[in-house]
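Enquirer: Would you mind keeping the following structure in view while I ask a few things?
The values are calculated or read from the model by the stated rules, or taken from the named source; none is laboratory data. This is a predicted model, so every value here is computed, not measured. Virtual Cβ from ideal backbone geometry, glycine too; neighbours counted across all protein chains shown. Note: accessible area is taken over every heavy atom of the protein model, side chains too, but ligands, DNA and RNA are not part of it. Shrake-Rupley method; radii C 1.70, N 1.55, O 1.52, S 1.80 Å.
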Amino acid sequence: MFGLYFIGLLAEPILGKFKFLIAYVSAGVVANLASIIWIEEGVTAGASGAVLGMYGVILAFATTNYINKKFPKVWVVGIVAYAGFSIVMGIQGANDNAANIGGFVAGMVVGYLFYFFHYKRNLARAGGTRISIEILLITGLFVFFYLWRNGKDDTLRFEKEVMKLNQIELKAMTQMQQLQSKTNEEAAIVLRDSALPQWRHFQKEIMKTDVYRLDDEFKQKRKLLSKYAQLRVKQTELIYKSINEGTEKYNAEIDEVSDKIDTIINRLGT
């Protein structure tokens, strides 16, 4: 808040309220996009990127003929020192450096745009509505391009589907765990009419996710779940045959399938 108060004292008299708001919002949006792109896992929150964006705006102006003659050098030193301090704190893990750097660079770009397309033409400070709108449009294009490239990811849909699969799995496993308390005839009926349909339903549901757009990690998880479903169906069919035919000739194959299932469960758990 001190950083925002300090830069507000410098920037608002130069930019005016409207362009100050445009610069702050644009720098904040770009800062958060930089954070999302750079930090693939995790969530950050805060306005440091937008605040540092305003420091970038004023630093850009300080390098032009518009204010460099009447802009005390100690203020430039203060701006650079504050930005450097924030980045150093980010390196130590205290805040989001991707947002800080992204916001600072975006602020400098906005500052130069304001200068070259407004102030350099000696227009009134309160004017410049057109360049303000153009900056908002450019910021919107950044957001649109990011969403166009990444907004079709189906990770959330896939995670919701996995939650449904967990419920199906729980029902099937509950039925199979009750087999020991049943006669062979009752166990065969449970396997044929309850457990096996549940595992086939599981397999059908995971197949629906083949069209989902996922990153490599979730693609691997989907592949393992598909194999898991296939093995569960095969295991249940073999157990049903063994009980229904009253034979142990399938035992070796059942054990082999069960070992493969355990391997997949371990991989899914890591």
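Enquirer: Considering only segment 239-261, I want to know if a residue exists there that is farther than 26 Å from residue 187 by Cα and among the charged types (D, E, K, R).
Expert: For segment 239-261, residues farther than 26 Å from residue 187 by Cα and among the charged types (D, E, K, R): absent.
Enquirer: Tell me which residues, restricted to segment 66-86, are surrounded by fewer than 15 Cβ atoms within 10 Å (Cβ to Cβ) and either at pLDDT 80 or above or touching a helix residue (DSSP H, G or I) at 6+ places or on another chain (Cβ under 8 Å) (or both).
Expert: Answer for segment 66-86, where residues must be surrounded by fewer than 15 Cβ atoms within 10 Å (Cβ to Cβ) and either at pLDDT 80 or above or touching a helix residue (DSSP H, G or I) at 6+ places or on another chain (Cβ under 8 Å) (or both): 68, 80, 81.
Enquirer: Of the residues in segment 242-270, how many are open to solvent by 90 Å² or more (accessible area, probe 1.4 Å), part of a helix (DSSP H, G or I) and either in contact with a strand residue (DSSP E or B) (Cβ under 7 Å, 6 or more places away or on another chain) or more than 30 Å from residue 218 (Cα to Cα) (or both)?
Expert: Result for segment 242-270: 2.
Enquirer: Does any residue in segment 135-152 that is open to solvent by less than 50 Å² (accessible area, probe 1.4 Å) and among the hydrophobic types (A, V, I, L, M, F, W, C) come within less than 9 Å, Cβ to Cβ, of a residue that is in a loop (DSSP other than H, G, I, E, B) and at pLDDT below 75 six or more places away or on a different chain, and which pairs are these?
Expert: Hits for this filter: zero, empty list.
Enquirer: State all residues of segment 168-202 that are assigned to a helix (DSSP H, G or I), surrounded by fewer than 11 Cβ atoms within 10 Å (Cβ to Cβ) and polar (S, T, N, Q); if no residue qualifies, say none.
Expert: 177, 180, 181
Enquirer: Are there any pairs, at least 6 apart or on different chains, whose C-beta atoms fall under 7 Å, with the first in segment 204-227 and among the aliphatic types (A, V, I, L, M) and the second in a loop (DSSP other than H, G, I, E, B) and modelled with pLDDT under 90, and if so, which?
Expert: Listed pairs, sorted by first residue: 214/154.
Enquirer: Could I ask something else about it? Say whether the condition of being open to solvent by less than 50 Å² (accessible area, probe 1.4 Å) and modelled with pLDDT of 80 or more is met by at least one residue in segment 34-45.
Expert: For segment 34-45, residues open to solvent by less than 50 Å² (accessible area, probe 1.4 Å) and modelled with pLDDT of 80 or more: present.
Enquirer: From the list 163, 207, exactly one residue is loosely packed, with under 12 Cβ neighbours inside 10 Å, within 30 Å of residue 147 (Cβ to Cβ) and out of contact with any helix residue (DSSP H, G or I) (no Cβ under 6 Å at 6 or more places or on another chain). Which is it?
Expert: Going through 163, 207 in turn, just one is loosely packed, with under 12 Cβ neighbours inside 10 Å, within 30 Å of residue 147 (Cβ to Cβ) and out of contact with any helix residue (DSSP H, G or I) (no Cβ under 6 Å at 6 or more places or on another chain): 163.
Enquirer: Looking at residue 214, is it in contact with a helix residue (DSSP H, G or I) (Cβ under 7 Å, 6 or more places away or on another chain) and not in a helix (DSSP H, G or I)?
Expert: Considered against the rule, which asks whether it is in contact with a helix residue (DSSP H, G or I) (Cβ under 7 Å, 6 or more places away or on another chain) and not in a helix (DSSP H, G or I), residue 214 comes out as yes.
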